[in-house]
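Data first, discussion second: the structure below is written as structure tokens.
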Amino acid sequence: MEKEFDDPWAEHTVIDGEELADYLQEGSQWQDKKIRVDSYIIKPNHGILDYTSFIQYLGRKYPYFAFSEDEVKEFDRPMHRAQKLSDYKDDARYDGKWGELILFLLVDGVLDIPMVSHKLGWKQNPVDQIKGSDGLFFGEFEGNPSLAIGEAKMYGNLSGGVEEALDSTDRFHGSGSQTRNQHELAVAAGNISKNLSPEKIERLASLFTSQERDYQIIHPIFVGYDDPDLGELQTEPLSDRELIERVREHITETDLVSIVERKLEDEYSHLRKHRLVFFFLPLENKNQFSENMKEEIYPHSTNH
């Protein structure tokens with residue numbers, strides 16, 4: 001491996017993992033061979049899951065999802081500029097940006113792998129849809145230089161969300177994937193984040209346009225899903241610590257690992273040879289969460 005990759009890629013991340021932990025609590029972690037499953041819990045406040053603080057935190061980090069850190073500091077109104085990069089959907093349930101934003105926070109803040117291209121900036125028209133991955137990241141994972149091709153799903157049904165995420169991930173390995181991947185990397189090569197050093201920008205541009213691949217591919221996959229039982233857990237007078245433990249127990253009973261394992265059987269069994277990192281976040285009401293995110297990012301879109 002060339003010397004460039006001995007330098008710490010994590011130094012180019014922009015999400016403070018300790019700050020993120022003020023809003024998202026670790027649930028559980030499981031790993032076997034190349035499959036890893038992590039769950040998270042929105043941190044409570046006085047015995048209630050604090051969606052408001054988490055959504056406000058997401059809103060503060062949205063400009064860093066859209067632009068490099070230096071650009072955010074330079075712009076007079078970075079949020080306003082970020083808003084203009086993509087239009088809001090009338091129906092927030094079908095806006096994929098919320099899942100992509102959370103995916104960015106987890107890959108950057110938890111895995112310490114920086115996002116290497118701000119896909120919102122690729123758009124020539126705010127209503128255009130960018131095909132391909134839900135996030136491109138490059139850094140070190142388990143000691144190896146890694147291109148992380150992310151997928152994010154906000155889905156009412158947990159099992160359906162996992163299946164949809166695997167189906168989207170499969171596009172990068174199935175029929176026509178080579179041409180599709182080369183196209184996305186070529187576009188990314190011309191839009192590399194200024195969070196990286198000039199040397200790393202030049203190196204990535206070369207890697208992304210080369211026919212050779214001197215790095216592993218991993219797939220971070222975020223799934224936010226409806227779990228109405230969370231509401232019932234909050235009806236008891238519990239401390240924050242007690243509530244977190246109850247939610248952890250509930251997630252354990254949900255058995256996320258078995259759901260992933262079942263979905264990886266048969267049609268998607270070939271994905272087992274790739275490194276998959278699942279991030280799960282249960283929500284009381286995914287649709288309401290999406291509407292609240294829309295109001296946070298695009299307050300002008302909501303009638304008061």
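The values are calculated or read from the model by the stated rules, or taken from the named source; none is laboratory data. Everything numeric here is computed off the predicted structure, so don't read it as measured data. Every residue, glycine among them, receives a Cβ derived from its backbone with ideal geometry; neighbour counts consider all protein chains shown. Surface accessibility is based on the protein's heavy atoms, side chains included, excluding ligands, DNA and RNA. Shrake-Rupley method; radii C 1.70, N 1.55, O 1.52, S 1.80 Å.
Just to verify a result, which residue in the stretch 89-116, among those that are under 14 Å from Phe289 (Cβ atoms) and crowded, with 20+ Cβ neighbours inside 10 Å, is modelled with the lowest pLDDT?
Only one residue tops the list, namely Ala92.
Filter the stretch 186-224 for residues that are surrounded by 13 or more Cβ atoms within 10 Å (Cβ to Cβ), small (Gly, Ala, Ser) and over 20 Å from the mean Cα position of the chain (by Cα) and give the result.
Answer for the stretch 186-224, where residues must be surrounded by 13 or more Cβ atoms within 10 Å (Cβ to Cβ), small (Gly, Ala, Ser) and over 20 Å from the mean Cα position of the chain (by Cα): Ala189, Ser197, Ala205.
Scan the stretch 13-34 residue by residue and report those that are assigned to a strand (DSSP E or B) and among the charged types (D, E, K, R).
Glu26, Asp32
Does Lys3 satisfy being of a type in the set (Lys, Arg) and at pLDDT 95 or above?
So Lys3 fails the test.
Would you confirm whether or not the stretch 174-185 contains a residue that is touching a residue at least 40 places away in the same chain (Cβ under 8 Å), closer than 30 Å to Ala21 by Cβ and open to solvent by 10 Å² or more (accessible area, probe 1.4 Å)?
No, the conditions are met nowhere in the stretch 174-185.
Working only within the stretch 29-39, note down all residues that are in contact (Cβ under 8 Å) with a residue 24 or more places away in the chain, more than 13 Å from His274 (Cα to Cα) and surrounded by fewer than 17 Cβ atoms within 10 Å (Cβ to Cβ).
Scanning the stretch 29-39 gives a single hit, Trp30.
Specify the residue that is least open to solvent (accessible area, probe 1.4 Å); the eligible residues are those in the stretch 57-87 that are part of a loop (DSSP other than H, G, I, E, B) and in contact with a Phe, Trp or Tyr (Cβ under 8 Å, 6 or more places away or on another chain).
The extreme case among them is Phe67.
Return a yes/no flag: does the stretch 229-247 have any residue that is in contact with a Ser or Thr (Cβ under 8 Å, 6 or more places away or on another chain), modelled with pLDDT of 95 or more and on the phi < 0 side of the Ramachandran plot.
No, the stretch 229-247 contains no residue that is in contact with a Ser or Thr (Cβ under 8 Å, 6 or more places away or on another chain), modelled with pLDDT of 95 or more and on the phi < 0 side of the Ramachandran plot.
Condition (residue is touching a helix residue (DSSP H, G or I) at 6+ places or on another chain (Cβ under 8 Å), among the aromatic types (Phe, Trp, Tyr), at pLDDT 90 or above and assigned to a helix (DSSP H, G or I)) applied to the stretch 126-148: is it met by at least one residue?
So far as the stretch 126-148 goes, no, none of its residues is touching a helix residue (DSSP H, G or I) at 6+ places or on another chain (Cβ under 8 Å), among the aromatic types (Phe, Trp, Tyr), at pLDDT 90 or above and assigned to a helix (DSSP H, G or I).
With respect to Ser53, determine if the residue is assigned to a helix (DSSP H, G or I) and at pLDDT 95 or above.
The answer is yes for Ser53.
Hey, among the residues in the stretch 295-304 that are touching a residue at least 60 places away in the same chain (Cβ under 8 Å) and open to solvent by 20 Å² or more (accessible area, probe 1.4 Å), which one's farthest from Ala165 (Cα to Cα)?
Filtering the stretch 295-304 for residues that are touching a residue at least 60 places away in the same chain (Cβ under 8 Å) and open to solvent by 20 Å² or more (accessible area, probe 1.4 Å), the one farthest from Ala165 (Cα to Cα) comes out as Ser301.
What are the residues in the stretch 203-213 that are closer than 30 Å to Glu163 by Cα and not in a helix (DSSP H, G or I), if any?
Arg213
Among Lys273, Lys286, which is of a type in the set (Lys, Arg) and within 20 Å of the chain's Cα centre (by Cα)?
Exactly one residue qualifies, and that residue is Lys286.
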